[in-house]
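Everything below concerns the one structure shown next.
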There are 2 protein chains.
Amino acid sequence: MRTGEAAVLEAHGIKPSAQRVAIADYVLHTDEHPSADEVWERVKRVFPMVSRATVYNTLNLFVAKGLLRHLVLTEGRLVFDSNVDKHHHFIDEETGKIYDLPWDTLEVSRVEQLKGFDVRDYQVLVRGKKRRTRGAR
Amino acid sequence: MRTGEAAVLEAHGIKPSAQRVAIADYVLHTDEHPSADEVWERVKRVFPMVSRATVYNTLNLFVAKGLLRHLVLTEGRLVFDSNVDKHHHFIDEETGKIYDLPWDTLEVSRVEQLKGFDVRDYQVLVRGKKRRTRGAR
DNA sequence: TCTAAACTTAGACTATGTCTAATGTATGAG
DNA sequence: CTCATACATTAGACATAGTCTAAGTTTAGA
């Protein structure tokens, strides 16, 4: 278990309890875009008594404090993304897996000229099939 | 109630029952991006005995037959979109309302050059606040 | 140590969506 | 026309994701 997590939490104004550190330890270091229940399953391995409510509360707290984003990209699942920088997403329609696309691989023109809308944020959502490339994640 | 709906359903290989026509009558002519339960509420006004399962089955059937798209854009809601042409979406973060953005108001570059991905479809997802413009919806 | 605030827990609750078994309806063959 | 069959519809049970609540536990400070 990494001990640096506690410091990260404190830096964001979050009191670092044991449960919160365990959750942070997984969710801040994965690129798997887990759902809340997946986080729960994972955290229970190292912390069997943790309750569902705690995991949900903690994840929502992390989102409120800017440590995570939540995404609503796939059916029936609210997933979390530890990459809080701007980026796009690719969804593999066969596996449901979500991949981050770096911000500058795509370029969107004319977003700022949208009439009647104050744009706060945007991203491109790409769907399709990931090619099999061994070694790639 | 428009009678042309039955012909539209048949043209897509769907047997036009009374319930299905009533559902089509609402959902194919709205730009409100309703959720399944919203469709149910609406259809019950003119067809009080319709069951939840029928509405869900019918909407899924329409999606399978290409009459509708379903979108997973907002938290906890799978919404339906009768606009099956390519277009982008704007989500008002205050009201949760979804607006269609015509395809050519935005332009995305370099989508086809994505390495390792077969792109089947993409759209831009814009979030922010809609300006109040009386008369516009 | 004692107390108050904050955190965690188990489980009830809500909402959304699916499934099933039984019933209803439409249609074509006889 | 009647029956048989296939398909549609129904009510309600079930599943899943997420929230809420009340009670218990921890923590930090006086």
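The values are calculated or read from the model by the stated rules, or taken from the named source; none is laboratory data. Just so it is clear, the structure is predicted and the values come from calculations on it, not from any experiment. Reconstructed Cβ throughout: ideal geometry from the backbone, glycine too, with neighbour counts over all protein chains shown. In case anyone asks, the SASA skips ligands and DNA or RNA and just uses the protein heavy atoms, side chains included. Shrake-Rupley method; radii C 1.70, N 1.55, O 1.52, S 1.80 Å.
The table below lists the values:
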{"item": "Test for A:Tyr56: is it within 16 Å of DNA strand C (Cβ to nearest atom) and of a type in the set (Phe, Trp, Tyr)", "result": "yes"}
{"item": "Candidates B:Ala36, B:Ala11, B:Ala53 - the one that is without any contact (Cβ under 8 Å) to a residue 24 or more places away in the chain, away from DNA strand D (no atom under 12 Å from the Cβ) and small (Gly, Ala, Ser)", "result": "B:Ala11"}
{"item": "Of all residues making up the stretch B:8-45, the number that are among the hydrophobic types (A, V, I, L, M, F, W, C), in a helix (DSSP H, G or I) and either assigned by TED's automatic domain parsing to the domain that holds B:Gly96 or touching an Asp or Glu at 6+ places or on another chain (Cβ under 8 Å) (or both)", "result": "2"}
{"item": "Residue under evaluation A:Ala53, criteria (1) assigned to a loop (DSSP other than H, G, I, E, B); (2) among the aliphatic types (A, V, I, L, M); (3) open to solvent by 30 Å² or more (accessible area, probe 1.4 Å), criterion not met", "result": "(1)"}
{"item": "Members of the stretch B:24-41 that are among the acidic types (Asp, Glu), touching a helix residue (DSSP H, G or I) at 6+ places or on another chain (Cβ under 9 Å) and under 20 Å from B:His87 (Cβ atoms)", "result": "B:Glu32"}
{"item": "Given (1) away from DNA strand C (no atom under 13 Å from the Cβ); (2) under 12 Å from the mean Cα position of the chain (by Cα); (3) not charged (D, E, K, R), number of the condition B:His88 does not satisfy", "result": "(2)"}
{"item": "Residues of the stretch B:91-132 that turn out to be acidic (Asp, Glu) and under 15 Å from the mean Cα position of the chain (by Cα), as a count", "result": "1"}
{"item": "Identity of the residue in the stretch A:91-112, more than 7 Å from chain B (Cβ to nearest Cβ), open to solvent by 30 Å² or more (accessible area, probe 1.4 Å) and of a type outside the set (A, V, I, L, M, F, W, C), that ends up nearest to B:Lys130 (Cα to Cα)", "result": "A:Glu112"}
{"item": "Considering residues of the stretch A:113-137 that are modelled with pLDDT of 90 or more and more than 7 Å from chain B (Cβ to nearest Cβ) only, the residue most open to solvent (accessible area, probe 1.4 Å)", "result": "A:Lys115"}
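Residues are listed down the side, and each one gets a yes or a no for (1) farther than 23 Å from A:Glu93 by Cβ; (2) away from chain A (no Cβ under 14 Å); (3) open to solvent by 40 Å² or more (accessible area, probe 1.4 Å):
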{"position": "B:Arg20", "(1), (2), (3)": "yes, yes, yes"}
{"position": "B:Glu32", "(1), (2), (3)": "yes, yes, yes"}
{"position": "B:Val39", "(1), (2), (3)": "yes, yes, no"}
{"position": "B:Phe47", "(1), (2), (3)": "yes, yes, yes"}
{"position": "B:Asn57", "(1), (2), (3)": "no, yes, yes"}
{"position": "B:Leu71", "(1), (2), (3)": "no, no, no"}
{"position": "B:Lys86", "(1), (2), (3)": "no, no, yes"}
